[in-house]
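The values are calculated or read from the model by the stated rules, or taken from the named source; none is laboratory data. These figures come from a predicted structure and were not determined experimentally. Ideal geometry is used to build each Cβ from the backbone, glycine not excepted, and the neighbour counts take in all protein chains shown.
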Ligand SMILES: Nc1ncnc2c1ncn2[C@@H]1O[C@H](COP(=O)(O)OP(=O)(O)O)[C@@H](O)[C@H]1O
Ligand SMILES: [Mg+2]
């Protein structure tokens, strides 16, 4: 047997069990009600007979030494063949008996209290008797009591009950089969849509990621599953698209410097040159190689961070001091543009100093590069409830809100005309973000009223 159970089998079993249990409970309730009804009926009948007997005995009392008790009773019950009667005197001697029933002279009769009728049942061969016994004052011996018991054959009741329970069991078996079958059928039908979903998803391949399952043709119970599958497809399609964009971007990015290098080399080789010229060409090639090497190592960093391999080497980092050091580095560039660098506040975090410096440096270089001439680039550090906050602001063009989320994408450059210039490859913000994410923080950008601000939140030290 396979350890995975079948849903159809489980539902079938469940249906069958549930309906059998319901029928069984119903049968038991009806059966016990009928049994009680029969018993009441029997006791009623027996009670009537006991009354007749006690009446007959009472009549003897008045007549003194008249007809003896046995004859009187025999007369009273002429024709009552269904009835068995036993009368015992105080010494447990039989005074009168009629019918085939052999009364068990046992506890119920012996312990019968005066005038309290006690019902009891016994079997005798094939038949079953129900009896009622009581005590009546003995007319022949004043002060003594007779024990009087009457019984009737209740075989027809027990037979009826037996056939009733036979019918009930048969019915239950039938109902279990039928409802099991219904359960099986319902499960098959219900699962058919699931199989259809499975068949449809089986057709999805990498170049068919735009496929979506039909949500309105499946039953409501499955629509959630279908919706999550569709959402998953959408996410996969998006990620796949990004990946393929990324590899084509990568090819483009590498093609330009390589073809530059190639042209330059061919031109250099086209005729004999002096050593000075060769040195110049090699120096320019070296610059291009350096940029390519930087890009490749940036790409490697991003690939590592995608795989969760960028693990910060944590220690307490004073971000105020880091920013001050970076300001010194960007001082010359800022001065060229007439940009003033200012810093307020200070905060410390636990993190990797080299990585955090790289992240801040990317933001600062962007800010200085995109700042309008003679403006202010401002870095604000403070501590909020969410953690340390680092805000880098510069004045410049207001960036369209819809492009902002794309800034952190690889190779994204807002101004396509700057493509393939000596400025960055569009990896800086992607790297900044992966560093911040590796530190458990977040980064956001906003741009309004001519001020663009990047804001980092990092858990405090
Ligand atoms: N402070 C800023 N002001 C305006 N645009 C910005 C700013 N910072 C980044 N950008 C835009 O985001 C793009 C991506 O930035 P980045 O990833 O650092 O790449 P890169 O600096 O190599 O161009 C930049 O090309 C630029 O268009
Ligand atoms: Mg940059």
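Side notes on the structure shown:
- Applying the criterion of being within 16 Å of ligand 1 (Cβ to nearest atom) and in a loop (DSSP other than H, G, I, E, B) to the residues of segment 341-373, the residue that is nearest to residue 301 (Cα to Cα) is 371.
- Filter result for residue 391 (at pLDDT 95 or above and under 27 Å from residue 337 (Cα atoms)): yes
- Hey, residue 204 within 17 Å of residue 191 (Cα to Cα) and surrounded by 14 or more Cβ atoms within 10 Å (Cβ to Cβ) or not: no
- Filter result for residue 425 (near ligand 1 (Cβ under 8 Å from one of its atoms), assigned to a helix (DSSP H, G or I) and either modelled with pLDDT under 95 or under 26 Å from residue 291 (Cα atoms) (or both)): no
- Scanning segment 336-373 for residues that are more than 21 Å from residue 441 (Cβ to Cβ) and out of contact with any strand residue (DSSP E or B) (no Cβ under 7 Å at 6 or more places or on another chain), we see that the one that is nearest to ligand 2 (Cβ to nearest atom) is 369.
- Residue match in segment 107-122 (condition: touching a helix residue (DSSP H, G or I) at 6+ places or on another chain (Cβ under 7 Å), modelled with pLDDT of 80 or more and farther than 24 Å from residue 81 by Cβ): no
- Qualifying residues in segment 374-395 (those that are outside any strand (DSSP E or B) and either outside the structural domain of residue 337 (by TED's automatic domain parsing) or in contact with a strand residue (DSSP E or B) (Cβ under 6 Å, 6 or more places away or on another chain) (or both)) - the one nearest to residue 436 (Cα to Cα): 386
- So residue 209, is it touching a helix residue (DSSP H, G or I) at 6+ places or on another chain (Cβ under 8 Å) and under 23 Å from residue 11 (Cβ atoms): no
- When residue 273 is tested against (1) loosely packed, with under 13 Cβ neighbours inside 10 Å; (2) more than 30 Å from residue 358 (Cα to Cα), just one condition goes unmet, and that condition is (1).
- Condition met for residue 431 (more than 11 Å from ligand 1 (Cβ to nearest atom) and either within 39 Å of the chain's Cα centre (by Cα) or modelled with pLDDT under 95 (or both)): no
- Sole residue being free of Cβ contacts under 8 Å to residues at least 40 places away in the same chain, within 14 Å of ligand 1 (Cβ to nearest atom) and within 42 Å of the chain's Cα centre (by Cα), chosen from 401, 444: 444
- Residue within segment 400-416 that is assigned to a strand (DSSP E or B), away from ligand 2 (no atom under 14 Å from the Cβ), surrounded by 14 or more Cβ atoms within 10 Å (Cβ to Cβ) and at pLDDT 90 or above present: no
- Any chance residue 377 is within 16 Å of ligand 1 (Cβ to nearest atom), over 30 Å from residue 258 (Cβ atoms), at pLDDT 95 or above and within 50 Å of the chain's Cα centre (by Cα): no
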